[in-house]
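S.K.: I'd like to ask some things about the structure below.
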Amino acid sequence: MKFDDILIQIGGLGRVQIALYVLLGLLGIPCGMQNLGMVFLGASMPHWCYIPELSNLDPKDMQKLSAIEEDGKFSSCEIYDRNYTWYNSDAALESLNGSFSSHPTNKTEGILECTWWHFNTSEFHSTVQSQWSLVCSKAYVKPLMQTLYMCGFLVGAITFGILSDKYGRLKILSVCLLLQIVFAVAAALVSIYSHYILFTLLRVVVGMVTAGLFTVTFVLVMEVIPPRFRTYTGLFYQGFFAAGFCLLPAISYALRDLFYTQLAMTLPTVIFLSYYWIVPESPRWLILKRKYKEAESILRRIAALNKCPLTDDFTVESLISAENASEHKPVGIKSLLSKPRMRSRGLLCAYAWFVCGLTYYGTSFSAEKLGGDIFLNSLLSGLVEFPAYVVCFFITGHPRIGRKYSLAGSFFVGGVSLLACIPLLNQPDKHILLLVLANIGKLGCSAAFAIVYIFTAEIFPTVVRAASVGGCSLCARIGALLSSPIMELWSYWFGLPYMLFGALAVVAGGLTFLLPESVNAVLPETVEDGEMFGSKLYGENPSDQIPANNEGNKPSAEIPLTEECASN
């Protein structure tokens, strides 16, 4: 008897599982906001050099008087080396006839780098850029903040996943949630009273615990849902993350301030601390740790609420026979690398995941670069993810399309759309068309990210499935942390980031055709199965394997039920 058989007998995808799916899914909303928060926390603000000696002048007059002008644009980083105190005198005003634009430029004048700046607060009251003057020689700090945040996210996903295996899902979930609140609030306070280095370090910790929170929550949800429903519940689970992305521009639009936006992303999550007393521990984890009585108590409560109460003689220990002696034991990743086909498929999947992480976050962070309203751009970028997941739901299971063509098509749609954006960039009259193409590109990238989860889990055998998906997920995190510095290549040529994103996505789409189709196929169990998967020789002993369409996920033994449950 396997644990999945018990899940089916206590109601399958019953009301308790649905409630847990929604309750735990809501935690994805603050995770989405924190992950993409730098879109607004670090938004650019128009700025120019500020000269204390000319503080009595209008900012525009100050700019005309001091800034270096090239090609009709004033420099925001350099000023002429002049005696600006003199310009406050009556003699200066009389000499210039009240017009600062008439002041002649002396080519022999020296040039100084600005040390203070004036920021235009018409769109944002404050961001990290204005709070710590992260412009000109310090401009690199802003993208570095997001890169380090994603480094923290990468470390947190690994670290807290391991800790949850040791100490339990619910405990680590609660710890991550508490730490997210504490460190995110601390980051908000530091944005007023301290240095940007401390703010960055606090945000790195927020990234770590946010990764832990989303990862552990996802695992807990999937461990109480029967296999038959996991593929598509897992797919739509990403929608909670996208909902956070959609709420973020609304919050930022209302507040437009670094401190209040960071605070508003965090404080509402305090209510989720109540989950420690509401959400049960994963019964699967409890059984793994041989805590049978606790697991049985939770399973009985779930069964009762699903109106499938178990009889008094039901015991978990008697039904779980070592989960099971007949099951294949996991093997190391070394076994995957030792087989040529699985090795090449592993590299192909790793590249696909890398591109997914890179393009998803790259397109998400590009709202500011598209011109127009940053709030609207970001909102549309979040909303387009929902139709992406709906499309995935219908096409991935279609026998004529399947996983392979769905993934390849998503990459092609995303890549080609992003490449088509390049000639439209920096053309205000083409803004609407640019926005449409950019969001089609985001739709393709989001769909590919959702499909690659399903596809990777199906083409690798059971004994290395978790290690394969985990390793590929690491590649996606690496792509995500590189997305921010790649966006900064905009300063060298505005089309370079989109050219890289689009070209890499198109290549990923082409390489996908080298992978075997897995829809309605018999999933591989052993390393030998994995090596033969997709070939004509595979499937000679299908009775020993699990169908990918989950039709084989039926109870291997019956658990005694009451008449009430049997009638449901």
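S.K.: S122 versus L288, label points 7 Å from Cα toward the beta carbon: distance in nm?
M.R.: A separation of 5.6 nm, rounded to one decimal place.
S.K.: If I ignore ligands, DNA and RNA and count only protein heavy atoms, how much of C49 is accessible to a 1.4 Å probe, in Å² to the nearest 10?
M.R.: Estimated to the nearest 10 Å², C49 gives 10 Å².
S.K.: Further, regarding this structure: Roughly how many nanometres apart are two label points built 7 Å out from the Cα toward the Cβ at H431 and L376?
M.R.: That separation, rounded to one decimal, is 0.7 nm.
S.K.: How large is ³J(HN,Hα) for each residue in region 475-486, as worked out from phi by the Karplus curve 6.51 cos²θ - 1.76 cosθ + 1.60 (θ = phi - 60°), to whole Hz, x for Gly and Pro?
M.R.: Couplings: 5, 5, 5, 5, x, 5, 6, 7, 4, 5, x, 5 Hz.
S.K.: Now for a different question. Using the Cβ atoms and a cut-off under 14 Å, what net charge is assigned to the surroundings of A438, where Lys and Arg are +1 and Asp and Glu are -1? Numbers along the way, then the final one.
M.R.: On the way: positive: K369, K430, K442; negative: E368, D373, E385.
Taking every Cβ under 14 Å from that of A438, the sum is 0.
S.K.: Could you order peptides 352-364, 151-163 by the average number of other Cβ atoms within 10 Å of their residues, highest first? Kindly include the intermediate steps, with their values, before the conclusion.
M.R.: On the way: 352-364: 26.6, 151-163: 19.4.
The most tightly packed comes first, giving 352-364, 151-163.
S.K.: Next up: Apply the Karplus curve 6.51 cos²θ - 1.76 cosθ + 1.60, θ = phi - 60°, to the phi angles in region 223-236 and return the couplings in whole Hz, x for Gly and Pro.
M.R.: 6, 10, 10, x, x, 4, 9, 5, 4, 8, 5, x, 4, 6
S.K.: In whole Hz and in residue order, list the ³J(HN,Hα) couplings for region 337-347 that follow from phi through the Karplus curve 6.51 cos²θ - 1.76 cosθ + 1.60, θ = phi - 60°; x for Gly and Pro.
M.R.: For region 337-347, the Karplus-derived couplings read 6, 7, 9, x, 5, 5, 5, 5, 5, x, 5 Hz, x marking Gly and Pro.
S.K.: Something else about it: Expressed in nm to one decimal, what extension gain is obtained for the pair I271 and E317 from 0.36 nm per residue of sequence separation less their Cα-Cα distance? Provide the component values of the computation, followed by the final result.
M.R.: Numbers: separation 46, 0.36 × 46 = 16.56 nm, distance 3.59 nm.
13.0 nm is the gain from fully extending I271 to E317.
S.K.: Ok, one more. For the pairs K166/K293; K138/K430; K2/K339, flag any whose C-alpha to C-alpha distance is greater than 27 Å.
M.R.: Details: K166/K293 18 Å; K138/K430 32 Å; K2/K339 30 Å.
With Cα atoms farther than 27 Å apart: K138/K430; K2/K339.
S.K.: Here is a follow-up. How big is the gap, in Å, between the Cα center of region 225-260 and the Cα center of region 344-393?
M.R.: 13
The values are calculated or read from the model by the stated rules, or taken from the named source; none is laboratory data. This structure is a prediction, so every number in the text was calculated from the model and none was measured. Positions of Cβ are generated from backbone atoms using ideal geometry, with glycine treated the same way; all protein chains shown enter the neighbour counts. When the accessible area is computed, the model is the full protein with side chains, heavy atoms only, and any ligands, DNA or RNA have been set aside. Shrake-Rupley method; radii C 1.70, N 1.55, O 1.52, S 1.80 Å.
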